[in-house]
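Engineer: This structure is in structure tokens; I'll ask about it shortly.
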There are 2 protein chains.
Amino acid sequence: CLFLSIEHAKSQETTELLIVTVATDETDGFVRFKESLDYFNLTVLVIGMHEEWVGGDLSRGMGGGQKINMLKRSLESYKDNTNLVLFFTDSYDVVFTGGKEEIMSKFNKFNAKLVFSAESTIWPDASLKDLYPEVTVGKRFLCSGGIIGYAPTFWEAINMQDISDTFDDQLYYTKIYLNTTLRAKLNATLDHTSQLVQNINFAKSELEIVQQGDLSRIQNTVYRTYPVVIHGNGPSKLELNYMANYIPDGWHSNFGCRKCEWNLLQLPEAEENLPTVQLAIFIEPNTPFIPEFLSRIQQLDYPKSKITLFIHTNEENTERYVSQFLLRHRVKYQGVQVISPHDGVHEATARNMALDHCILKNCDYQLSIDGNVQITNSSLIKFLMTKNKQVVGPLVKLHEKLWSNFWGALNADGYYARSADYISIVNRERTGIWNIPFISSVYLMKSETIRFLLSRVPQPYFYEDMDADMAFCAHVRQEGIFLHVTNEAEFGRLLSKANVNPGPVHPDLWQIETNKKDWEEKYIHPDFWNLTLENTEVSQPCPDVYMFPLFTEEMADAIVDVMENHGEWSGGKNKDDRLAGGYENVPTVDIHMNQVNYEKQWLHMLATYPTHIIQKVYPGYYTKASSIMMFVVRYRPSEQSFLRPHHDSSTWTMNVALNTYGEDYEGGGCRFLRYDCSVTQIPKGYALVHPGRLTHYHEGLQTMEGTRYIAVSFVDP
Amino acid sequence: CLFLSIEHAKSQETTELLIVTVATDETDGFVRFKESLDYFNLTVLVIGMHEEWVGGDLSRGMGGGQKINMLKRSLESYKDNTNLVLFFTDSYDVVFTGGKEEIMSKFNKFNAKLVFSAESTIWPDASLKDLYPEVTVGKRFLCSGGIIGYAPTFWEAINMQDISDTFDDQLYYTKIYLNTTLRAKLNATLDHTSQLVQNINFAKSELEIVQQGDLSRIQNTVYRTYPVVIHGNGPSKLELNYMANYIPDGWHSNFGCRKCEWNLLQLPEAEENLPTVQLAIFIEPNTPFIPEFLSRIQQLDYPKSKITLFIHTNEENTERYVSQFLLRHRVKYQGVQVISPHDGVHEATARNMALDHCILKNCDYQLSIDGNVQITNSSLIKFLMTKNKQVVGPLVKLHEKLWSNFWGALNADGYYARSADYISIVNRERTGIWNIPFISSVYLMKSETIRFLLSRVPQPYFYEDMDADMAFCAHVRQEGIFLHVTNEAEFGRLLSKANVNPGPVHPDLWQIETNKKDWEEKYIHPDFWNLTLENTEVSQPCPDVYMFPLFTEEMADAIVDVMENHGEWSGGKNKDDRLAGGYENVPTVDIHMNQVNYEKQWLHMLATYPTHIIQKVYPGYYTKASSIMMFVVRYRPSEQSFLRPHHDSSTWTMNVALNTYGEDYEGGGCRFLRYDCSVTQIPKGYALVHPGRLTHYHEGLQTMEGTRYIAVSFVDP
Ligand SMILES: O=C(O)CCC(=O)C(=O)O
Ligand SMILES: O=C(O)CCC(=O)C(=O)O
Ligand SMILES: [Fe+2]
Ligand SMILES: [Fe+2]
Ligand SMILES: [Mn+2]
Ligand SMILES: [Mn+2]
Ligand SMILES: [Mn+2]
Ligand SMILES: [Mn+2]
């Protein structure tokens, strides 16, 4: 009705709205609260904040009664202002999702002078239940987390009775409300259907994040209302944190992350003015690819003079790599502190020590990073600093898995629960910076956060019998500090430590399945991938014989190393106890992959990489990539120097050069007699594939000098 | 001593030598005896031969006493001739190997007037043994088979006592000799060391055929003597027959067969004057390649108007072929007599009937020939007639085996024994015409021989429980008729009947192993062999795909026939109960070789023929020619008409076209996708071989009309 809406508009114009809250600290929650008010241009009166209104300290765990007493002190000046509406809410666990107009309009619709928010459970005095008026739709019971009313009425309500600081404020309001005389006098009512206030606790399942125009809002899907104030009352704080990643002006499908560029820290341009950071590195047992990890640390785009290294290792294998690394790079850093295996320090202790060391060395930040985090984005440190959060980590995850370094939600026991947006965030379909309950593996903390935390919890990585990461996050959450993860960019990967390395010689060779991506980067020739594409051509040095880069030189060297370290080269004799038949027709001096416990991995390699080339060069053939003959051959003038013409027990054979013609050996190569065609000087790491039988009778040409190594596989025998 | 030899020469010049023998028939043995005398220009007095000397008939089994009485009658005119030496020997079982000069010289060396031959056993009266002078070297006892002496002395010896016709002549001479007075009076001695006469019986192991200049002689290797007269006394007649193939002027390594061109029959030039011949054909059960047999009979170079066919078959399968043959050819022949399965006549009876029929029809010859004799030399009949023997057969043998149609010797039981020259004759390293104790399968007989034989033995193919062949030869030998085999030319082959044909449809297909040569001629493409040679090139229609003629059209047709006769074509579905796995990835409408019981044979074929091409086109590859997938595919527009791209479960695949593009079907062929190369219109019987996997992804192109059949083998899976 047009007339009515005009009347409402009038009254809204002339009436003032003041948001009132009580807060003692500018916690992350308080900042979030303020930001939501600012977004809607709402004016707030903050009562009790040390710097602003009230001198002296108020403990954060104050009684609710004290809140009312503080209001009495602060609101007296408004008690006669009939044109003022006061909207009292909590702040640490409250977000506003609408502005004055909406608030006033909804308030007016109540036709009441005072409206309390409502909830579905009665608290703290359940015996009062029957005094509550019954409702057919909506929450029946009063909740003091949101109270809106005309300033004189509000004043009257808080002054009806005296209340001690320790008396419960909600019980105070409840008793007034349940007194029908007082209720009528005040013209008070409840917001049964969350027109204005949604208390999340016990209502989680009713709520949905929806987009309303440019805003993200909460819809109460039961009452079909869009409450303005979202209150994470009781244990629903993490739920509010989750929602606040979206509401009111957070992530939105049309705009993406809208707060990512807000409140950023401007880093000084001059290197010497950059803040200092302690890189706290924790290399726990069975972490693969440590050399790569360290080299990526070294490649981080941040002046080493501003970096202190704090390194914890507790295994000899990895300590070796750390020592090598420090031997070369130590001097470049501002400082280095190493806790090595013989110090006998466990993980959580080391992490606690790191925090202390950071404060001791007057760091500005600490970047905590575990050995199984491969940082591929060298701007990581600056990027995280810029985010200007107390705790923020980059998203890192297992390659092609959903396992990451953060949790989007907690279950009742405090462990991992999958949040609705977890997969979208992990897969970076939804990018932004996210308030989450748990982060690990890599995160940046401000020194002030560390100081504050240590002031409250001397050993933050200890918490009952939790493991270090969970202990830390639990403490941080408890202290009202928000944990963030950003997936705004690709930062790197998390590696799995699931499979123990079998030995000290090139253990990373064995990581082919567990940490595929890193294994490939280390061992698969970078030019290999291009040849798997449709429009590229694989070199064909002889008819139906193809050559392509397969392994890095590092791979070739590692295989030779493993073999030479193992020893026990076969005699190149026909009799061969390693084979099922005990007889090798055309014997080589060799070591089989199974002798070095690498058969499973080699088969996986065969099935994963060369098969792409096989499918391309022999279209229509679907290789099983099965093999029972995989071995490294050693040719030397003084041992076996050539291999007589023969066929292989294979449908196709792969023959990879493991060292370099002209440097490591002279001569050598593979000649295909039927085509009188030889392939020689095959570059190290390059593979030859050829049909094994019938058409490709072949021989190993004589090695004239040095040692030639090749890795041969008879595939699909 | 010069003086002595002059004296001898003189006495030889002035002294006459007359060979004396008693014979009633001109048997083959007598003819042989005469020929040897003629060779040495020796004069012979034949006593008792009906036409020449004595009227009336003398039974061949006469008593020895009669011989002496005949001598008394015949030699009276020479009784006073002191310049005459008489040399009495047997004739049917005697061959001379030296002339007058040698005889006289050796006789003179005895310094005796009368010399009897000697042997190692005493006969007929063993009680006389101790009366014999002892000897240190040589045979101790008298043998009357050879007696040489001056005519007056000889006369005196035979007239010393009266003797009845039935008294034993050897006992007569023995008693004179053992009477020292008479011995001295006659100046008689024994030829202990076979200077002049070798009685073969009991001395076989002492004897060797040796070449002495242009002559073949017998050497007594114990006495180092070269006896002039070789006497097959007692049971050693066959041994003499054997020797007489060589001595004195028979086969010789310098000259080969010297009697092959002697005493030949000149056949009249005009066809109408040629003798008539009955072809007596015996097709016994399980004889393979009857159509080929009959067609070779038809191709014999002899006027059909002079040929009567006498055909015995006793199996429906073969009777069918005979009927077809006669339908076309019967009228061309002089006459045809068929004994068919429903006559219920067994082999030996049929053979006896043939002889009778030949005489009844007034034949000049009978050529007896068995169904398993493939005559490849069309001049056979004329050739054998020309040889002018009573019984002569061509050498035929199993291909690449030593089994032939003759025996070179008999063992004690009358069965096969291997003569020293058997292998040389069978392999035609020694060619000629050979007197042998047994022949079968194919031989020519003169009608006069048949008549003579029938006059003595009414049913020559019956003899106790012997089988027909042995019965016949035993009778013929007994009648003093020589059996001959000639290996002067290649005449054909003997086929094995060892393996029973499995069914009535193209049973010869199954003969691949048993009668390889005939199988090849019938089923292997004649152009195939040339391609197995080193310097010929196999057509290569697509890379590493080869095409070559493999089967005759007859083979292709036969395979299709066998398959269509069997029926039960598969549904072309993946599920295939005939396979171990029960699953065929790329199914065709087909019948597997094992379904028609042809798997073993097909494998043998694979191993024997295409492998030559495989070795040539894929050098270095040694195929096992193993296969578990061998089948005939049928493509039709209304059934399965093409095969989608696939690999075969093989190292190499063979794909043989079984019918003709453009006649039997349109479309079809095999396309190799990786080379975009198709092979179409493959001639019937031609094989394609190609690698099965990896490089040769291929498809069966659509058959547009008619039916296309191919035989596919996946080899070395
Ligand atoms: O020496 C070569 O490259 C050939 C090796 C080879 O053919 C084999 O090991 O089977
Ligand atoms: O139709 C053709 O010639 C191809 C047959 C074939 O590839 C097969 O049976 O495996
Ligand atoms: Fe090889
Ligand atoms: Fe195929
Ligand atoms: Mn609250
Ligand atoms: Mn501490
Ligand atoms: Mn005799
Ligand atoms: Mn008869």
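Read the figures in this text as sums done on the coordinates, not as results from a lab. Quantities reported herein were computed from a predicted structural model and do not represent experimental measurements. With ideal geometry, Cβ positions are generated from the backbone for all residues, glycine too; neighbour counts draw on all protein chains shown.
Engineer: Restricting attention to the stretch A:562-574, does a residue exist that is of a type in the set (Val, Ile, Thr) and within 46 Å of the chain's Cα centre (by Cα)?
Structural biologist: yes
Engineer: So for the stretch A:577-594 (the condition being closer than 28 Å to residue B:648 by Cα, charged (D, E, K, R), out of contact with any Pro (no Cβ under 8 Å at 6 or more places or on another chain) and more than 16 Å from ligand 3 (Cβ to nearest atom)), does at least one residue qualify?
Structural biologist: Among the residues of the stretch A:577-594, not one is closer than 28 Å to residue B:648 by Cα, charged (D, E, K, R), out of contact with any Pro (no Cβ under 8 Å at 6 or more places or on another chain) and more than 16 Å from ligand 3 (Cβ to nearest atom), which makes the answer no.
Engineer: Right, something else. Might you check whether a residue that is touching a Ser or Thr at 6+ places or on another chain (Cβ under 7 Å), more than 16 Å from ligand 4 (Cβ to nearest atom) and more than 30 Å from residue B:715 (Cβ to Cβ) occurs anywhere in the stretch A:669-676?
Structural biologist: Yes, the stretch A:669-676 contains a residue that is touching a Ser or Thr at 6+ places or on another chain (Cβ under 7 Å), more than 16 Å from ligand 4 (Cβ to nearest atom) and more than 30 Å from residue B:715 (Cβ to Cβ).
Engineer: If we keep just the residues of the stretch A:246-264 that are touching a helix residue (DSSP H, G or I) at 6+ places or on another chain (Cβ under 7 Å) and surrounded by 14 or more Cβ atoms within 10 Å (Cβ to Cβ), which is farthest from residue A:374 (Cα to Cα)? Outline the logic, then answer.
Structural biologist: Taking the stretch A:246-264 as the starting set, the residues that turn out to be touching a helix residue (DSSP H, G or I) at 6+ places or on another chain (Cβ under 7 Å) are A:248-250, A:264.
Now restrict to residues that are surrounded by 14 or more Cβ atoms within 10 Å (Cβ to Cβ): A:248-250.
On the way: A:248: 35, A:249: 33, A:250: 29 Å.
Looking at the filtered set, the residue picked out is A:248.
The rows are residues; the columns are (1) crowded, with 19+ Cβ neighbours inside 10 Å; (2) of a type in the set (A, V, I, L, M).
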| residue | (1), (2) |
| --- | --- |
| A:234 | no, no |
| A:271 | no, no |
| A:281 | yes, yes |
| A:289 | yes, no |
| A:294 | yes, yes |
| A:310 | yes, no |
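Engineer: Would you say residue A:345 is surrounded by fewer than 24 Cβ atoms within 10 Å (Cβ to Cβ), away from ligand 6 (no atom under 16 Å from the Cβ) and more than 14 Å from chain B (Cβ to nearest Cβ)?
Structural biologist: Spelling it out, it is not the case that residue A:345 is surrounded by fewer than 24 Cβ atoms within 10 Å (Cβ to Cβ), away from ligand 6 (no atom under 16 Å from the Cβ) and more than 14 Å from chain B (Cβ to nearest Cβ).
Engineer: While we're on this one: How about the stretch A:11-40: which of its residues are part of a loop (DSSP other than H, G, I, E, B), under 21 Å from residue A:66 (Cβ atoms) and among the hydrophobic types (A, V, I, L, M, F, W, C)? Outline the logic, then answer.
Structural biologist: Step one: list which residues in the stretch A:11-40 are part of a loop (DSSP other than H, G, I, E, B), which gives A:15, A:23-27, A:40.
If we keep only those that are under 21 Å from residue A:66 (Cβ atoms) as well, we get A:23-27.
Answer for the stretch A:11-40, where residues must be part of a loop (DSSP other than H, G, I, E, B), under 21 Å from residue A:66 (Cβ atoms) and among the hydrophobic types (A, V, I, L, M, F, W, C): just A:23.
Engineer: Which residue is farthest from ligand 3 (Cβ to nearest atom), if the candidates are limited to the stretch A:696-717 and must be of a type in the set (Asp, Glu) and facing chain B (nearest Cβ under 10 Å)?
Structural biologist: This residue is A:716.
Engineer: List, please: which pairs have Cβ atoms under 8 Å, are six or more places apart or on different chains, and start with a residue in the stretch A:671-693 that is closer than 15 Å to residue A:543 by Cα and end with one that is assigned to a loop (DSSP other than H, G, I, E, B) and of a type in the set (Val, Ile, Thr)?
Structural biologist: A:674/A:695; A:688/A:682; A:691/A:651; A:691/B:695; A:692/A:651; A:693/A:651; A:693/B:651
Engineer: Mind checking which pairs have a first residue in the stretch A:561-582 that is free of Cβ contacts under 8 Å to residues at least 60 places away in the same chain and over 13 Å from residue A:596 (Cα atoms) and a second that is among the basic types (Lys, Arg) and surrounded by fewer than 16 Cβ atoms within 10 Å (Cβ to Cβ), Cβ under 9 Å, 6 or more apart or different chains?
Structural biologist: Close Cβ pairs satisfying both conditions: A:570/A:578; A:582/A:575.
Engineer: Also: How many residues does the stretch A:407-434 contain that are in contact (Cβ under 8 Å) with a residue 24 or more places away in the chain and crowded, with 17+ Cβ neighbours inside 10 Å?
Structural biologist: Of the residues in that region, 13 qualify.
Engineer: Further, regarding this structure: Can you go through A:322, A:331, A:345 and tell me which one is in contact with a His (Cβ under 7 Å, 6 or more places away or on another chain) and farther than 20 Å from residue A:444 by Cβ?
Structural biologist: None of the others qualify; the one that does is A:345.
Engineer: I'd like to know if the stretch B:601-617 contains one or more residues that are among the small types (Gly, Ala, Ser) and over 22 Å from residue B:697 (Cβ atoms).
Structural biologist: yes
Engineer: Moving to a separate point now. Six or more apart or on different chains, Cβ under 6 Å: which pairs go from a residue in the stretch B:23-41 that's on the phi < 0 side of the Ramachandran plot to one that's of a type in the set (S, T, N, Q) and outside any helix (DSSP H, G or I)? Could you list them?
Structural biologist: From residues that are on the phi < 0 side of the Ramachandran plot, the pairs are B:23/B:91; B:30/B:91; B:33/B:91.
Engineer: Within the set of pairs 6+ apart or on separate chains, which have a first residue in the stretch A:451-464 that is within 13 Å of residue A:359 (Cβ to Cβ), a second that is assigned to a loop (DSSP other than H, G, I, E, B) and not small (Gly, Ala, Ser), and C-beta atoms under 8 Å apart?
Structural biologist: Close Cβ pairs (under 8 Å, with a partner that is assigned to a loop (DSSP other than H, G, I, E, B) and not small (Gly, Ala, Ser)) amount to A:452/A:479; A:452/A:481; A:453/A:460; A:453/A:479; A:453/A:481; A:454/A:460.
Engineer: If you don't mind, another one. Does residue A:672 satisfy being within 14 Å of another protein chain (Cβ to nearest Cβ) and touching a His at 6+ places or on another chain (Cβ under 7 Å)?
Structural biologist: Criteria met by residue A:672.
Engineer: Cβ-Cβ under 7 Å, sequence separation 6+ or interchain: first residue in the stretch B:694-716 and outside any strand (DSSP E or B), partner within 16 Å of ligand 1 (Cβ to nearest atom). Which pairs?
Structural biologist: Note: pairs meeting the criteria are B:694/A:651; B:694/A:652; B:694/A:691; B:695/A:544; B:695/A:691.
Engineer: Here's another thing I want to ask about it. I need a count of the residues in the stretch B:675-695 that are within 14 Å of chain A (Cβ to nearest Cβ) and crowded, with 21+ Cβ neighbours inside 10 Å.
Structural biologist: Qualifying residue count, the stretch B:675-695: 7.
Engineer: While we're looking at this one, here's another question. Would you call residue A:661 hydroxyl-bearing (Ser, Thr, Tyr) and either more than 14 Å from every other protein chain (Cβ to nearest Cβ) or over 25 Å from residue B:673 (Cβ atoms) (or both)?
Structural biologist: Against the criterion (hydroxyl-bearing (Ser, Thr, Tyr) and either more than 14 Å from every other protein chain (Cβ to nearest Cβ) or over 25 Å from residue B:673 (Cβ atoms) (or both)), residue A:661 qualifies.
Here's the yes/no breakdown for (1) surrounded by fewer than 23 Cβ atoms within 10 Å (Cβ to Cβ); (2) touching a Gly at 6+ places or on another chain (Cβ under 8 Å); (3) farther than 24 Å from residue B:232 by Cβ:
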position: B:72; (1), (2), (3): yes, no, yes
position: B:77; (1), (2), (3): yes, no, yes
position: B:82; (1), (2), (3): yes, no, yes
position: B:88; (1), (2), (3): no, yes, no
position: B:103; (1), (2), (3): no, no, no
position: B:111; (1), (2), (3): yes, no, yes
position: B:130; (1), (2), (3): yes, no, yes
position: B:135; (1), (2), (3): yes, no, no
position: B:140; (1), (2), (3): yes, no, no
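Engineer: Does the stretch A:202-217 contain any residue that is among the aromatic types (Phe, Trp, Tyr) and surrounded by fewer than 18 Cβ atoms within 10 Å (Cβ to Cβ)?
Structural biologist: Step one: list which residues in the stretch A:202-217 are among the aromatic types (Phe, Trp, Tyr), which gives A:202.
From the residues that got through so far, the ones that are surrounded by fewer than 18 Cβ atoms within 10 Å (Cβ to Cβ) too are A:202.
Yes, the stretch A:202-217 has at least one match.
Engineer: Which ones in the stretch A:535-546 are surrounded by fewer than 22 Cβ atoms within 10 Å (Cβ to Cβ), in contact (Cβ under 8 Å) with a residue 12 or more places away in the chain and of a type outside the set (Val, Ile, Thr)? Spell out how you get there, then give the answer.
Structural biologist: Keep residues of the stretch A:535-546 that are surrounded by fewer than 22 Cβ atoms within 10 Å (Cβ to Cβ), which gives A:535-543.
Pick out the ones that are also in contact (Cβ under 8 Å) with a residue 12 or more places away in the chain and you get A:538, A:540-543.
The answer is A:540, A:541, A:542, A:543.
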